[in-house]
Amino acid sequence: MTREIFEAEHEDFRQTARTFFEKEVVPDHGQWEKDGIVPRDLWLKAGEAGLLCFDVDEAYGGPGVADFRYNVVLSEEQSRAGVSGPGFSVHSDIIVPYISSLATDEQKQRWLPGCVSGEIITAIAMTEPGAGSDLQGIRTTAIDKGDHYVVNGSKTFISNGINADLVIVVARTDPEAGHKGISLLVVERGMEGFERGRNLDKIGLHAQDTAELSFTDVMVPKENLLGKEGDGFISLMMNLPQERLIIAAQAAAVCDLMVELCLDYAKTREAFGRPIGKFQNTRFTIAEMATEARITRVFVDDCITKHNRGELDATGASMAKYWATELQNKLVNQAVQLHGGYGYMMEYPVARAYLDSRISTIYGGTTEIQKEIIGRSLGL
Ligand SMILES: Cc1cc2nc3c(=O)[nH]c(=O)nc-3n(C[C@H](O)[C@H](O)[C@H](O)COP(=O)(O)OP(=O)(O)OC[C@H]3O[C@@H](n4cnc5c(N)ncnc54)[C@H](O)[C@@H]3O)c2cc1C
């Protein structure tokens, strides 16, 4: 299917991204899945190849390309290669944009060049053991002590949690002020009282480090407050649509891949003396998969175009995330079934996609939360 949203330069970049994943990631990904983490060195290579933080201004060491289509191409190629380990998207599409949009010039000078080069790896810590969907229920506190805050609390399920050098921590600076008492603080590697817990054992995304973090009387200088005190919740609401859109784009890419893999398999695998694609059930299944993937692709591409123009609202992003990730899970399931016993074997890409996809309807806000947002926008 021709994708009208891309121009020649995006397709050139697609080749660069594809080559990077094929050469630098695919050969070692199996080992990194066993390790539960990708090496820091990979981040430096990605930085050198110009794959991190496209939208960071040249003044801070970035390419200054504020065109979200490049972010989409990189994520699509990573999904296509079936290598879920590197947390590049979390870093470039989700976390660094908080710094780009909220940080002071001094903070940008301090942090952004390293984010672009891959020397600084980032994470965002919203979720706590007792509060995920209900962000307003967080308990981590940051108490004002004049020139610094004292941070106490614990976070869980944090992507890039082991490798991260900078963690944007969502904390309560005013326990009495509800969502207006939430702020964003940057906690840095090595700050006393900042500890990493377990690298969590997950169903999929085995090469991604997802960790528990704990903060015990961590002294965070006021210079590390991101944005205004009390504006944290609003900042999260402003940035979550882009997070949801990139998850939708990744999901749409997996849907396309499932169609492609099933089509190949249906033409070559034989049963009862004919290719399985000759059975009406297989044809109908793949016909449905291809149709649903294409509809999703058109919708998600439209959302990407709108986002690039600054016109995608929170509802649109929620619709894209809800729809694309639910379809992704439906299609990976169908793809495994269509591959029979081989679909259950890890050496087949559909098996890995099945495991890696399960999270997509959960992180970045669950499907139920997306439906709440959509429902509210309809006046319900
Ligand atoms: C691999 C992975 C990576 C992650 N990365 C990060 C990260 O980098 N940073 C970070 O901060 N978090 C991260 N998360 C956390 C993730 O965003 C949360 O798990 C998610 O938002 C859901 O929160 P929860 O787990 O507390 O579930 P809960 O909020 O307890 O939800 C449990 C169930 O109740 C449903 N539910 C809750 N509220 C409602 C409602 N109002 N209406 C209807 N149903 C509802 C949910 O949809 C869900 O089905 C990650 C999680 C995983 C597993």
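A few remarks follow.
- Verdict on R294 being in contact with a helix residue (DSSP H, G or I) (Cβ under 8 Å, 6 or more places away or on another chain) and either farther than 21 Å from V72 by Cβ or in contact (Cβ under 8 Å) with a residue 24 or more places away in the chain (or both): no
- Considering segment 85-103, the residues that are outside any helix (DSSP H, G or I) and within 16 Å of the ligand (Cβ to nearest atom) include one that is surrounded by the fewest Cβ atoms within 10 Å (Cβ to Cβ), namely G85.
- One residue stands out in segment 352-368 among those that are part of a helix (DSSP H, G or I) and surrounded by fewer than 19 Cβ atoms within 10 Å (Cβ to Cβ): the one that is nearest to the ligand (Cβ to nearest atom), namely E368.
- Any hit, segment 265-287, residues being farther than 18 Å from E4 by Cβ, of a type in the set (A, V, I, L, M, F, W, C), in contact with a strand residue (DSSP E or B) (Cβ under 8 Å, 6 or more places away or on another chain) and open to solvent by less than 30 Å² (accessible area, probe 1.4 Å): yes
- Only one of E119, E106, E76 that is away from the ligand (no atom under 16 Å from the Cβ) and under 19 Å from the mean Cα position of the chain (by Cα): E76
- Failed item, numbered, when L312 is tested on (1) touching a residue at least 40 places away in the same chain (Cβ under 8 Å); (2) open to solvent by less than 40 Å² (accessible area, probe 1.4 Å); (3) assigned to a helix (DSSP H, G or I): (3)
- Considering residues of segment 104-124 that are under 26 Å from L42 (Cβ atoms) and charged (D, E, K, R) only, the residue least open to solvent (accessible area, probe 1.4 Å): K108
- Residue count for segment 234-264, restricted to those that are open to solvent by less than 30 Å² (accessible area, probe 1.4 Å), of a type outside the set (S, T, N, Q) and out of contact with any Asp or Glu (no Cβ under 6 Å at 6 or more places or on another chain): 17.
- Taken as a whole, the structure leaves I94 outside the set of residues that are of a type in the set (A, V, I, L, M) and in the same structural domain as V169 (by TED's automatic domain parsing).
- Any hit, segment 136-144, residues being acidic (D, E), part of a strand (DSSP E or B) and more than 24 Å from L355 (Cα to Cα): yes
- Filter result (assigned to a loop (DSSP other than H, G, I, E, B) and either of a type in the set (D, E) or under 29 Å from T325 (Cβ atoms) (or both)) within segment 251-278: R269
- Look at segment 42-65: where a residue is in the same structural domain as Q78 (by TED's automatic domain parsing) and a partner is open to solvent by less than 50 Å² (accessible area, probe 1.4 Å) and of a type in the set (D, E, K, R), sitting 6+ places away or on another chain with Cβ atoms under 6 Å, you get Y60/K108.
- Output for segment 161-201, where each listed residue is touching a Lys or Arg at 6+ places or on another chain (Cβ under 8 Å) and in a loop (DSSP other than H, G, I, E, B): G161, I162, N163, A164, D165, D174
- Total residues in segment 38-68, condition surrounded by 15 or more Cβ atoms within 10 Å (Cβ to Cβ) and either on the phi > 0 side of the Ramachandran plot or among the polar types (S, T, N, Q) (or both): 3
- Screening segment 184-195 for residues that are closer than 23 Å to L236 by Cα and out of contact with any helix residue (DSSP H, G or I) (no Cβ under 9 Å at 6 or more places or on another chain) and picking the one that is most open to solvent (accessible area, probe 1.4 Å) gives R189.
- Among the criteria (1) out of contact with any strand residue (DSSP E or B) (no Cβ under 9 Å at 6 or more places or on another chain); (2) more than 16 Å from the ligand (Cβ to nearest atom); (3) among the hydrophobic types (A, V, I, L, M, F, W, C), the one M191 does not fulfil is (1).
- Within segment 125-165, considering residues that are within 7 Å of the ligand (Cβ to nearest atom) and free of Cβ contacts under 8 Å to residues at least 24 places away in the same chain, the one most open to solvent (accessible area, probe 1.4 Å): D134
The values are calculated or read from the model by the stated rules, or taken from the named source; none is laboratory data. If you're wondering where the values come from, they're calculated on a predicted model, not measured in any experiment. Quick reminder, even Gly has a Cβ in these numbers, built from the backbone with ideal geometry, and neighbours come from all protein chains shown. Side chains included, ligands, DNA and RNA excluded: accessible areas come from the protein's heavy atoms. Shrake-Rupley method; radii C 1.70, N 1.55, O 1.52, S 1.80 Å.
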